[in-house]
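Asker: The structure is given below, and queries will be raised subsequently.
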Amino acid sequence: MSDSLQSRLVSQASAPYRPAGPWAWHFARGKLGGDPLFAALLRPGLLPPNGRYLDLGCGQGLLASWLHAAATLHDGPDWPAEQAAPPQVSAYHGLDMQATAIGHARQALAGCPFHVRLEVGDLRDFALPDADVITLFDVLHYLPGNTQENLLQRIRSSLPPDGRLLLRVGDGAAGLPHHLSQVVDRLVVRVQGGTWPRLHCRPATAWLTLLGELGFRVDPLPMAGAGFANVLLRACPI
Ligand SMILES: C[S@@+](CC[C@H](N)C(=O)[O-])C[C@H]1O[C@@H](n2cnc3c(N)ncnc32)[C@H](O)[C@@H]1O
């Protein structure tokens with residue numbers, strides 16, 4: 001993706017967070033502009049051309065704002081010919097345990113043309129609704145090991161045969177970069193939610209093994225300039 005398109009996408013996707021206050025807006029700008037995850041999501045074929053999204057641990061709903069921004073710019077005159085058309089969202093359902101983050105998401109996503117549902121709740125006892133794409137970005141390590149396994153099992157059972165789970169996990173075997181990543185994740189939750197979370201990590205190889213055992217075919221996906229030893233995985237039902 002060109003720097004110019006990236007910059008326009010960041011402005012477009014973060015602008016709706018302005019009414020939610022300076023923290024929400026600066027956080028959106030910083031994360032969307034600095035995290036290679038979001039550009040990676042626009043790579044052709046990674047996401048289906050159209051789909052219902054379930055974003056687990058959605059924070060302030062940046063995924064929905066990013067995909068909406070991409071669709072809006074794509075409909076305008078300046079979308080680069082060499083850039084693939086972005087995936088369309090037919091519905092977005094976000095869940096997070098932090099009421100503040102969900103409040104910011106509600107404000108920012110109010111103007112989306114697709115159906116948006118945002119809920120405060122806990123992944124541990126959340127009944128998974130139907131979805132074509134389920135995302136778990138930087139979330140699983142907040143759950144204890146057996147709860148991670150239970151959630152992934154429930155996701156496997158709920159996805160349609162052509163559905164997909166996209167997840168980003170830390171590589172617990174990556175040493176210092178992994179520890180830096182943990183510090184950032186704990187700080188973000190501390191600032192937004194007021195508590196210090198306990199984190200439960202696994203090496204990347206263990207995530208691949210677990211997902212395979214649960215009946216997923218898994219593709220590790222590259223993220224340009226990815227720091228902090230995070231790994232983006234696409235897991236499809238076998
Ligand atoms: C590092 S943030 C990532 C947010 C979002 N996925 C993103 O990429 O912008 C992790 C999120 O997981 C949420 N979370 C952690 N444990 C959770 C649980 N048990 N139920 C619901 N949300 C949870 C936190 O509140 C936080 O918003």
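Asker: All but one of (1) buried (at least 20 other Cβ atoms within 10 Å of the Cβ); (2) at pLDDT below 95; (3) near the ligand (Cβ under 10 Å from one of its atoms) hold for Gly172; state the number of the condition that does not hold.
Answerer: Only one criterion in (1) buried (at least 20 other Cβ atoms within 10 Å of the Cβ); (2) at pLDDT below 95; (3) near the ligand (Cβ under 10 Å from one of its atoms) is unmet by Gly172, namely (3).
Asker: I've got another one for you. For residues that are assigned to a strand (DSSP E or B) and touching a Pro at 6+ places or on another chain (Cβ under 8 Å), scanning just segment 75-98, find the one that is nearest to the ligand (Cβ to nearest atom).
Answerer: Selected residue: His93.
Asker: Using beta carbons and a limit of 6 Å, which pairs, at least six apart or on different chains, have the first residue in segment 131-158 and without any contact (Cβ under 8 Å) to a residue 40 or more places away in the chain and the second one within 10 Å of the ligand (Cβ to nearest atom) and not hydrophobic (A, V, I, L, M, F, W, C)?
Answerer: Matching pairs, first to second residue: Thr147/Arg124.
Asker: Looking at segment 123-133, which of its residues are surrounded by fewer than 12 Cβ atoms within 10 Å (Cβ to Cβ) and away from the ligand (no atom under 12 Å from the Cβ)?
Answerer: We begin by selecting, within segment 123-133, every residue surrounded by fewer than 12 Cβ atoms within 10 Å (Cβ to Cβ); these are 124-125, 127.
Ala127, the sole residue that qualifies.
Asker: Quick one: how many residues across segment 99-108 are away from the ligand (no atom under 13 Å from the Cβ) and either free of Cβ contacts under 8 Å to residues at least 60 places away in the same chain or of a type in the set (D, E, K, R) (or both)?
Answerer: 1
Asker: Another one. Kindly check whether there is at least one residue in segment 109-122 that is within 13 Å of the ligand (Cβ to nearest atom), acidic (Asp, Glu) and crowded, with 18+ Cβ neighbours inside 10 Å.
Answerer: For segment 109-122, residues within 13 Å of the ligand (Cβ to nearest atom), acidic (Asp, Glu) and crowded, with 18+ Cβ neighbours inside 10 Å: absent.
The values are calculated or read from the model by the stated rules, or taken from the named source; none is laboratory data. The structure presented is a predicted model; accordingly, all values stated were derived computationally and were not measured. All Cβ positions, glycine included, derive from the backbone under ideal geometry; neighbour counts span all protein chains shown.
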